[in-house]
Amino acid sequence: MNKRCSFCKFPIGDIRCRAMEKVIESTKVTRPNARYGCKESIAYGIESSSHEKLCVFARCSCPVLYCNYVGSYTDLKSHARAMHSWDEVDLIMLVFDRPLIFSMDLRKKKMFFFQEKKDGDLIVVQAFKGSEGVSVTVSCIAPMASEVRNLSCSLAKLTQYTTLRQGMMVKKIQKVSEEMEYEDGFMFIPSYMEDANLHRQCSESEYIHI
């Protein structure tokens, strides 16, 4: 109100209406993720950003190129099964406990998209090329909610004479970014090893291992 009466526009000073403040504080509103299934409510005016990051219904974007679908974690997995077939170039079937070998030609493609056959988790492998080599990250399109299981992975870079292996936890993200957003949890491949295949071992344990 900028300390002015809404009717006569004269200054009203710093007088607070405690009764009206109590009425507003008692008002409950739905959270932004309600459209995706969140049933929780919050007092009007209360900051809710922490919940939005950890909510199991946080909005997640389909990682497949040129797809603009946004939905809940569960709905996104169903969307990928229905709309993106296994034989597409940009979506590859993944099975836990089975190794998978794929090749990344950074001149043509810097991202690979996988969907786990049984549970439908969407995994993104991204390569970020620098002056000294390539950094490879592995992410899962999922909210950071405790109800969503954690994933770990083991990446191996294979050449004729050398194998470079790196184990890491898989970062949960809600949307793919073309920029590398975190400093840990990646495998660095020096320039002299770039022209070779990537090997990924997938297994399931206390932490789901990709």
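The values are calculated or read from the model by the stated rules, or taken from the named source; none is laboratory data. From a predicted model like this one, the values you see are computed outputs, not experimental measurements. Reconstructed Cβ throughout: ideal geometry from the backbone, glycine too, with neighbour counts over all protein chains shown.
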Residue 144: passes all of (1) closer than 17 Å to residue 101 by Cα; (2) surrounded by 13 or more Cβ atoms within 10 Å (Cβ to Cβ) but (1)
Surrounded by fewer than 17 Cβ atoms within 10 Å (Cβ to Cβ) and outside any loop (DSSP other than H, G, I, E, B): does that describe residue 135? yes
Across (1) at pLDDT 85 or above; (2) of a type outside the set (Asp, Glu); (3) farther than 27 Å from residue 67 by Cα, residue 191 clears everything bar (1)
Residue set 48, 72; condition within 24 Å of residue 148 (Cα to Cα) and modelled with pLDDT of 75 or more; output residue 72
Being modelled with pLDDT under 85 and not assigned by TED's automatic domain parsing to the domain that holds residue 157: is that true of residue 40 here?
yes
The residue from 106, 151, 91, 76 that alone is among the aliphatic types (A, V, I, L, M), under 21 Å from residue 186 (Cα atoms) and surrounded by 14 or more Cβ atoms within 10 Å (Cβ to Cβ) is 151
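Residues checked against (1) free of Cβ contacts under 8 Å to residues at least 12 places away in the same chain; (2) in a loop (DSSP other than H, G, I, E, B); (3) within 16 Å of residue 63 (Cα to Cα):
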{"position": "139", "(1), (2), (3)": "no, no, yes"}
{"position": "145", "(1), (2), (3)": "no, yes, no"}
{"position": "156", "(1), (2), (3)": "no, no, no"}
{"position": "161", "(1), (2), (3)": "yes, yes, no"}
{"position": "187", "(1), (2), (3)": "no, no, no"}
